[in-house]
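The values are calculated or read from the model by the stated rules, or taken from the named source; none is laboratory data. This one's a predicted model, so the numbers in the text were calculated from it and none came from an experiment. Cβ: placed from backbone, ideal geometry, glycine included. Neighbour counts: every protein chain shown. Ligands, DNA and RNA are excluded from the accessible area calculation, which covers all protein heavy atoms including side chains. Shrake-Rupley method; radii C 1.70, N 1.55, O 1.52, S 1.80 Å.
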Amino acid sequence: MSGNRIVLSGKILTIDPLRYTPAGIPALNLTLGHQSRQIEAGMEREVECEVQVVALGDLAQQTARCKVEDGIRIQGFLARKSRKSTQLVLHANRIELIDI
């Protein structure tokens, strides 16, 4: 089964310091704040959410230069935070700075 692709934009609410996994891979966690208007059942509604994001490797190193309040667009996929967790995290494959 495929079909796990997410594109989401918003502002960085929090960004943790760059860290390294036990295997030595750079990793970065951040929280993305999203606000938009969406159509649901033919009616417009306000949407607000906070999404936990993780970036690995070169993308983590590049994203570590960003700061809180920067506008970004993330492309990636959803996965569990850990094996035993049911909480979802957006794993970034691409992050770009945008004006919001």
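Could we say that Leu78 is open to solvent by less than 80 Å² (accessible area, probe 1.4 Å) and either within 18 Å of Ile6 (Cβ to Cβ) or among the polar types (S, T, N, Q) (or both) here? Yes, satisfied.
Matching residues to (1) part of a loop (DSSP other than H, G, I, E, B); (2) touching a Pro at 6+ places or on another chain (Cβ under 7 Å); (3) farther than 15 Å from Ile74 by Cβ; (4) free of Cβ contacts under 8 Å to residues at least 40 places away in the same chain:
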{"residue": "Ser2", "(1), (2), (3), (4)": "yes, no, yes, yes"}
{"residue": "Ser9", "(1), (2), (3), (4)": "no, no, no, no"}
{"residue": "Ile12", "(1), (2), (3), (4)": "no, no, no, no"}
{"residue": "Thr31", "(1), (2), (3), (4)": "no, no, no, yes"}
{"residue": "Gln38", "(1), (2), (3), (4)": "no, no, yes, yes"}
{"residue": "Val47", "(1), (2), (3), (4)": "no, no, yes, yes"}
{"residue": "Val54", "(1), (2), (3), (4)": "no, no, no, yes"}
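Considering region 56-94, the residues that are touching a residue at least 40 places away in the same chain (Cβ under 8 Å), of a type outside the set (Asp, Glu) and assigned to a loop (DSSP other than H, G, I, E, B) include one that is nearest to Pro26 (Cα to Cα), namely Ala64.
Considering (1) open to solvent by less than 20 Å² (accessible area, probe 1.4 Å); (2) out of contact with any Asp or Glu (no Cβ under 8 Å at 6 or more places or on another chain), the lone condition that Ile72 does not fulfil carries the number (2). With respect to the conditions (1) in contact with a Lys or Arg (Cβ under 7 Å, 6 or more places away or on another chain); (2) aliphatic (A, V, I, L, M); (3) part of a loop (DSSP other than H, G, I, E, B), Ala27 lacks only one, and its number is (3).
All conditions but one from (1) open to solvent by less than 100 Å² (accessible area, probe 1.4 Å); (2) of a type in the set (A, V, I, L, M); (3) out of contact with any helix residue (DSSP H, G or I) (no Cβ under 8 Å at 6 or more places or on another chain) apply to Ala55; the one that does not is (3). Would you check which residues across region 10-29 are open to solvent by less than 40 Å² (accessible area, probe 1.4 Å) and under 13 Å from Gly71 (Cβ atoms) and list them? Within region 10-29, Gly10, Ile12 qualify.
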